[in-house]
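**Student:** Pasting in a structure now, in structure tokens, and then I'll have a few things to ask.
The values are calculated or read from the model by the stated rules, or taken from the named source; none is laboratory data. Everything numeric in this text was worked out from a predicted model, so none of it was measured. Note that we place each Cβ from the backbone using ideal geometry, even for glycine, and neighbour counts take in every protein chain shown.
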């Protein structure tokens with residue numbers, strides 16, 4: 001009975017060590033791929049491969065979200081900018097301050113302000 005328990009314990013430890021070794025190998029392979037990719041970039045300026053090079057490391061290309069605002073939403077944001085400040089309205093509505101100035105300018109050109 002004791003021998004069976006020891007054997008099971010040894011097998012469990014071996015499995016844990018193997019899993020750790022596999023994880024470390026995967027990480028090292030990814031680092032090697034990055035190093036090889038950087039070397040390739042330095043030689044040929046192949047910028048298209050950057051995404052594929054960083055993907056194994058868990059990096060993703062960040063996409064900017066584009067939000068289309070309705071005319072009503074723009075009016076509300078412009079009203080908030082008038083009542084408080086452009087910076088506060090921009091932060092509140094998660095829009096760039098420069099966008100508020102652009103909307104304000106377009107509104108003036110169309111005779112709305």
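**Student:** Please verify whether residue 75 is in contact with a helix residue (DSSP H, G or I) (Cβ under 9 Å, 6 or more places away or on another chain), surrounded by 10 or more Cβ atoms within 10 Å (Cβ to Cβ) and modelled with pLDDT of 90 or more, treating the condition exactly as stated.
**Tutor:** Working: in contact with a helix residue (DSSP H, G or I) (Cβ under 9 Å, 6 or more places away or on another chain): yes; surrounded by 10 or more Cβ atoms within 10 Å (Cβ to Cβ): yes; modelled with pLDDT of 90 or more: yes.
For residue 75, the condition - in contact with a helix residue (DSSP H, G or I) (Cβ under 9 Å, 6 or more places away or on another chain), surrounded by 10 or more Cβ atoms within 10 Å (Cβ to Cβ) and modelled with pLDDT of 90 or more - is met.
**Student:** Which members of segment 87-101 meet the condition of being part of a helix (DSSP H, G or I) and under 27 Å from the mean Cα position of the chain (by Cα)? Talk me through it step by step, then tell me what you get.
**Tutor:** Within segment 87-101, the first condition is being part of a helix (DSSP H, G or I), and the residues that meet it are 87-93, 97-101.
If the condition is that a residue be part of a helix (DSSP H, G or I) and under 27 Å from the mean Cα position of the chain (by Cα), then 87, 88, 89, 90, 91, 92, 93, 97, 98, 99, 100 are the ones that fit.
**Student:** Among the residues of segment 12-24, are any modelled with pLDDT under 70 and either farther than 30 Å from residue 107 by Cα or more than 25 Å from the chain's Cα centre (by Cα) (or both)?
**Tutor:** Taking segment 12-24 as the starting set, the residues that turn out to be modelled with pLDDT under 70 are none.
Checked segment 12-24: no residue is modelled with pLDDT under 70 and either farther than 30 Å from residue 107 by Cα or more than 25 Å from the chain's Cα centre (by Cα) (or both).
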